[in-house]
Amino acid sequence: MIPPPHRRVVSSRLRHVIPLLLVVSAACTGDDATDDGAALGTTSSIAPPVAPSVHAASPAGTGVVLIGELPASFQVTACDLDAKTADANGALLHLTGSGTRANGVPFTVEVVRSATEEAAEAFTDLITYSDTARILQVQRSEVGGAVSDLRDPDARGTLLRVRADGLSATGIAGPPGTSAPKGPGLVGLALDATCS
């Protein structure tokens, strides 16, 4: 008996579909022998920022700021390293500079050491880096020899190292208001500047 035409068409199509299903099924099954060793769900932790090393002393009237691993040179625009008394804002030391990064972005740097008359042997060092995209600050206080740095709880020494013709510093910077040692936006910052 000859099957009706429509049954012959279906039977012909099934002959092509069944081998295809067998190939797909074989590809979807596997055993440990074909495991590629990839681990699923593996995560990596973000390492905390590290304070970079300070550059060598800059030529007169210039400075270098290093953010992470990217250095940028600047011109010192104002420098007062040996104020005998604090100014109206409580500043004992004040340095400013401006420059342009390698990508053409202009930036400014301000370094201030301030003190209050109420607390003897107490001062705060603050470095502020600003460009069109961000503001970063390194801030460290010292009261009677005890150091406090909210972005770097392990800090033990004074932030600013002042010499006769300039200063240097290294620490952990972050946007204003940040304090957690592993918080977002934290980065190592180092600076050296020489007055003219």
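A few notes on this one:
- Val109 outside any loop (DSSP other than H, G, I, E, B), touching a Pro at 6+ places or on another chain (Cβ under 7 Å) and of a type in the set (Val, Ile, Thr): no
- Per-region count, segment 173-196, residues over 15 Å from Ile46 (Cβ atoms), in contact with a strand residue (DSSP E or B) (Cβ under 6 Å, 6 or more places away or on another chain) and either modelled with pLDDT under 90 or among the β-branched types (Val, Ile, Thr) (or both): 1
- Residues in segment 164-193 that are in a loop (DSSP other than H, G, I, E, B) and of a type in the set (A, V, I, L, M): Ala164, Ala180, Leu186.
- Per-region count, segment 116-142, residues out of contact with any Asp or Glu (no Cβ under 9 Å at 6 or more places or on another chain) and outside any loop (DSSP other than H, G, I, E, B): 4
- Evaluating Asp154 against the criteria (1) among the acidic types (Asp, Glu); (2) touching a residue at least 40 places away in the same chain (Cβ under 8 Å); (3) not in a strand (DSSP E or B) leaves one unmet condition, (2).
- Just one residue in the set Val138, Val147, Val187, Val111 is in contact with a His (Cβ under 9 Å, 6 or more places away or on another chain), surrounded by 12 or more Cβ atoms within 10 Å (Cβ to Cβ) and under 23 Å from Pro49 (Cβ atoms); that residue is Val111.
- The lone exception for Arg161 - which of (1) under 21 Å from Ser53 (Cα atoms); (2) part of a loop (DSSP other than H, G, I, E, B) it fails: (2)
The values are calculated or read from the model by the stated rules, or taken from the named source; none is laboratory data. Keep in mind it's a predicted model, so treat the numbers as computed, not measured. Quick reminder, even Gly has a Cβ in these numbers, built from the backbone with ideal geometry, and neighbours come from all protein chains shown.
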